[in-house]
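Notes for the one structure printed next.
The values are calculated or read from the model by the stated rules, or taken from the named source; none is laboratory data. Predicted model only: the values in this text are computed from it and were never measured. Counting neighbours? That spans all protein chains shown, and the Cβs are built from the backbone with ideal geometry, glycine included. For the accessible areas, the whole protein counts, side chains as well, though only heavy atoms, and no ligand, DNA or RNA atoms are used. Shrake-Rupley method; radii C 1.70, N 1.55, O 1.52, S 1.80 Å.
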Amino acid sequence: MGKRALFAAIVVLALGCRPEDVVHRFSWFNSMVTQRSIKPYAMPREPVEGTVPVTGLGPALDVETADRIANPRTRTSASINRGKIVYETYCLVCHGETGRGDGPISADAGGPFSGVRSLVTDTVGRRSDGYLYGVIVNAQLMGRGLMPRYGDKIRGTDQWDLVNYVRTLQALTRSGGAR
């Protein structure tokens with residue numbers, strides 16, 4: 001075998017092996033493999049008494065159940081500002097900047113989706129905060145079959161902050177502030 005063939009064989013063997021296998025054969029590099037480590041989920045602990053689970057699905061809502069839910073979030077500027085961020089992230093594309101149902105993908109704006117509802121009509125304005133919450137969480141169960149459910153995307157107090165922001169849009173429309 002020539003020197004070039006021997007060199008090529010050595011290069012192929014060196015590139016073909018896993019470097020960590022070679023390094024760990026030397027005792028001074030082996031300490032990272034055999035170290036003591038903490039495995040936090042090896043012995044799961046029972047939850048503390050009184051804790052509320054944060055996983056799993058919430059209760060199934062229908063129109064009657066949702067109407068009885070009270071809004072736990074006060075309509076503060078912080079809540080409305082957070083609701084605006086959530087609205088701009090998830091709702092604006094269909095319902096538009098002012099909530100009139102004229103977002104970029106609605107048929108009113110030349111998009112492919114027809115039937116996007118205005119959020120600032122008197123009919124929607126007379127609905128309860130719980131109803132709006134129910135539509136956000138799962139629109140299909142609330143009778144809004146075309147709207148996707150957002151309960152798995154918009155979580156926690158953001159759902160109620162969004163309701164508060166929609167109420168602000170409705171108030172602006174009634175006062176003539178939104179065009």
Given (1) of a type outside the set (K, R); (2) surrounded by 12 or more Cβ atoms within 10 Å (Cβ to Cβ); (3) at pLDDT below 70; (4) assigned to a loop (DSSP other than H, G, I, E, B), N30 misses just (4)
Checking H95 against (1) within 24 Å of R174 (Cα to Cα); (2) open to solvent by 80 Å² or more (accessible area, probe 1.4 Å), which single condition isn't satisfied?
(2)
Might you check whether a residue that is closer than 12 Å to V166 by Cβ, surrounded by fewer than 19 Cβ atoms within 10 Å (Cβ to Cβ), touching a residue at least 24 places away in the same chain (Cβ under 8 Å) and not hydroxyl-bearing (S, T, Y) occurs anywhere in region 109-120?
yes
Tell me, yes or no, whether region 123-146 has at least one residue that is buried (at least 20 other Cβ atoms within 10 Å of the Cβ), more than 13 Å from A66 (Cα to Cα) and not charged (D, E, K, R).
no
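Here's the yes/no breakdown for (1) of a type in the set (F, W, Y); (2) within 20 Å of E97 (Cα to Cα):
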{"site": "L119", "(1), (2)": "no, yes"}
{"site": "R127", "(1), (2)": "no, no"}
{"site": "Y131", "(1), (2)": "yes, no"}
{"site": "M142", "(1), (2)": "no, no"}
Consider only pairs whose beta carbons are under 9 Å apart and that are at least six residues apart or on different chains; among these, list those whose first residue lies in region 131-150 and is within 16 Å of H95 (Cα to Cα) and whose second residue is aromatic (F, W, Y) and open to solvent by 50 Å² or more (accessible area, probe 1.4 Å).
I136/Y90; L146/F113; Y150/Y90
